[in-house]
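Right, one structure below, let's go through it.
The values are calculated or read from the model by the stated rules, or taken from the named source; none is laboratory data. Every value quoted in this text rests on a predicted model; they were computed, and no experiment measured them. So basically every Cβ, Gly included, is an ideal-geometry build from the backbone, and we count neighbours across all protein chains shown. Just so you know, the surface numbers come from the protein's heavy atoms only, side chains and all, with ligands and any DNA or RNA stripped out. Shrake-Rupley method; radii C 1.70, N 1.55, O 1.52, S 1.80 Å.
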Amino acid sequence: MDRAQAAAWPETTALRARPCDRLEGVVRAPGDKSISHRALILGGLAVGETTVSGLLESGDAMATAEAMTAYGAEASRGADGVWRVHGCGVGGLGEPDRVLDMGNAGTGVRLLMGVAAGHAFTSFFTGDASLRRRPMARAAAPLREMGAAFLCRGGDRLPLAVTGGRPLLPVEYRLPAPSAQVKSAVLLAGLHAPGVTTVVETERTRDHTERMLRVFGADVTVEDRGDGARAVSVAGQPELGPASIRVPGDPSSAAFPVVAAACLPGSSVRVEGVGVNPMRTGLFETLTDMGATLRFGNEREEGGEPVADIEVEGAELSGVEVPPERAPRTIDEYPVLAVAAACAAGRTVMRGLAELRLKESDRLAAVAAGLADNGVAVEERDDGLVVTGRAGRPPGGGTVATRLDHRVAMAFLVLGLLSRHGVAIDDAAPIDTSFPGFVRLMTGLGAAFSR
Ligand code: S3P
């Protein structure tokens, strides 16, 4: 398939990545998924017109855009590619007249549960088969303490209904496990409560919500509580002003071309405009520990977030022990890190990852099965993976079940490029969740795919 064919080819079917000699070129990763959800939601809670450039136009972000529209905000794309969001003000959303189908979007639904908790009507949420399997009680628990009422299938799953609290009470909530989604749900609910709402996290998680709340004019304070714990507080019932947001490239999407190039000696790839928030750069640190050549240039700040261009050159990598405390900063990148480990010399040990079983799929099981089917030595543990690479190309030759999981799909296509015999995936459609144009971008760098 040539580049023109790749451009016209919908990513909706089984797909095979062929072995590739080297990758070369300059690309931009699509907009950051976490930041895109937050821009649409906070734009809808502000008074006036928010502009968002570089918004991720994927299944997940569009589910959040549609939900905000159902709540009465307006979100639309201009001919210039810039999104304009007309918000209703904090507490000003209207009751949706339909069930909000969040598709595959875990972040979208959990953040919107916080917003819904602040409105004294009932919101109904559902999602696709993957999202309906994922736990929701973790976000509902603190929102119940604040006065919202939830009815969830089986007590913990979608579909669910939430009736907002009247009044909603400010709380101090200590996260039982690190989760930026739960922290964000509580902070978004806290916007609707009188007084100050505080979330205490003992392990730091991504802080995009805190950063963006400030950009919209909210009063957010962060206090060190010792032993690495931090308390994030938001003052309730502010008037949020409109903002102009530039969404950086998603480091979790940049991860795929970066790992592919890093593992192919002779490759030279630059990914421009990537978000390098320190809470998102765990993969890049681990790749560097493994001997990869990564350079960060043109470092700048855009819309309250650090951004850089990342240059990667291919090298022979070595296995490492990944520090478990790096997990919150690496969390979505373990599938593709396991692929890098399969190409490295020696053992790579990844621990502290029980949460991975609760992502879009059980990622520990999905990755272990996919690697084993492609001739890679892998041990699946309760909370981690041990991958033993033999240096050089892993065999490949298998077909991987993607289990409605976009990152499993892309990770195994990358394995195919790096393998001796190529790798097939059963369904490429989930890629649209976070990385529309993945095949086109990788083809532009020299990768080859076939049906
Ligand atoms: C996200 C937080 C993380 C991450 C997810 C996006 C966010 O989930 O895995 O893809 O945007 O807040 P948890 O909050 O469950 O750790």
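Using the Karplus curve 6.51 cos²θ - 1.76 cosθ + 1.60 with θ = phi - 60°, work out ³J(HN,Hα) for each residue of the range 58-71 in order, rounded to whole Hz, and write x for Gly and Pro.
Those phi angles translate into 10, x, 5, 5, 5, 4, 5, 4, 5, 5, 5, 5, 5, 7 Hz.
Once you order the gyration tensor axes a ≥ b ≥ c over the Cα atoms, which shape class does the range 285-399 get: rounded for a/c under 1.5, otherwise prolate or oblate by comparing a/b with b/c?
Judged from the Cα gyration tensor, the range 285-399 comes out oblate (a/c at least 1.5, b/c at or above a/b).
Counting heavy atoms of the protein chains only and a 1.4 Å probe, report the per residue accessible area for the range 33-246 as a whole number of Å². All intermediate terms of the calculation are to be shown ahead of the outcome.
On the way: 7640 Å² over 214 residues.
Averaged over the residues of the range 33-246, the accessible area is 36 Å².
Give, rounded to the nearest 20 debye, the magnitude of the charge dipole that the chain has about its Cα centre when Lys and Arg contribute +1 at Cβ and Asp and Glu contribute -1 at Cβ.
680 debye
In nm, to one decimal, how far is the Phe296 label point from the Glu380 one, both placed 7 Å along Cα→Cβ?
Taking the simple label geometry, Phe296 and Glu380 are separated by 3.4 nm.
Just how much of Arg22 is accessible, in Å², when a 1.4 Å probe is used and the result is rounded to the nearest 10?
Surface open to solvent at Arg22 totals about 100 Å².
For the range 127-140, take each phi angle, set θ = phi - 60°, evaluate the Karplus expression 6.51 cos²θ - 1.76 cosθ + 1.60, and give the result in whole Hz per residue in order, putting x for glycine and proline.
3J(HN,Hα) across the range 127-140, in whole Hz: x, 6, 4, 5, 5, 5, 8, 8, x, 10, 4, 4, 8, 5.
Can you give me the accessible area per residue for the range 371-447, using a 1.4 Å probe, in Å²?
Details: 2430 Å² over 77 residues.
In whole numbers, the range 371-447 has 32 Å² accessible per residue.
Could you tell me what percent of the accessible area of the chain is made up of carbon and sulfur, with a 1.4 Å probe and every protein chain present?
48 percent
How large is the dipole of the range 96-221 about the Cα centre if only Lys and Arg carry +1 and Asp and Glu carry -1, each at its Cβ, rounded to the nearest 20 debye?
300 debye
Sum up the charges of everything whose Cβ sits under 13 Å from the Cβ of Val423, counting Lys and Arg as +1 and Asp and Glu as -1, but leave Val423 out.
+2
Pull out the extension gain between Glu313 and Arg451, defined as 0.36 nm times the separation in residues minus the alpha carbon to alpha carbon distance; nm, one decimal.
46.8 nm
Beta carbons within 10 angstrom, averaged per residue: use that to sort the peptides 97-106, 189-198, highest first.
By packing density, highest mean first, the sequence is 189-198, 97-106.
Using a 1.4 angstrom probe on the protein heavy atoms only, line up Val26, Val378 by accessible area, largest first. Spell out each step's value before the answer.
Working: Val26 85, Val378 40 Å².
Ranked list, largest accessible area first: Val26, Val378.
For the chain, count the residues as N, evaluate 2.2 N^0.38 Å, and divide the Cα radius of gyration by that value, please.
Relative to the rule-of-thumb radius for its length, the chain sits at 0.95.
What percent antiparallel are the DSSP beta bridges of the chain, to the nearest 5?
75 percent
Have a look at Met102, Ala409, Val171 and report the one farthest towards the positive end of the charge dipole of the chain, computed about the Cα centre with Cβ charges (Lys/Arg +1, Asp/Glu -1).
Of Met102, Ala409, Val171, it is Ala409.
Order the peptides 47-58, 223-234 from the highest to the lowest mean number of other Cβ atoms within 10 Å of their residues.
47-58, 223-234
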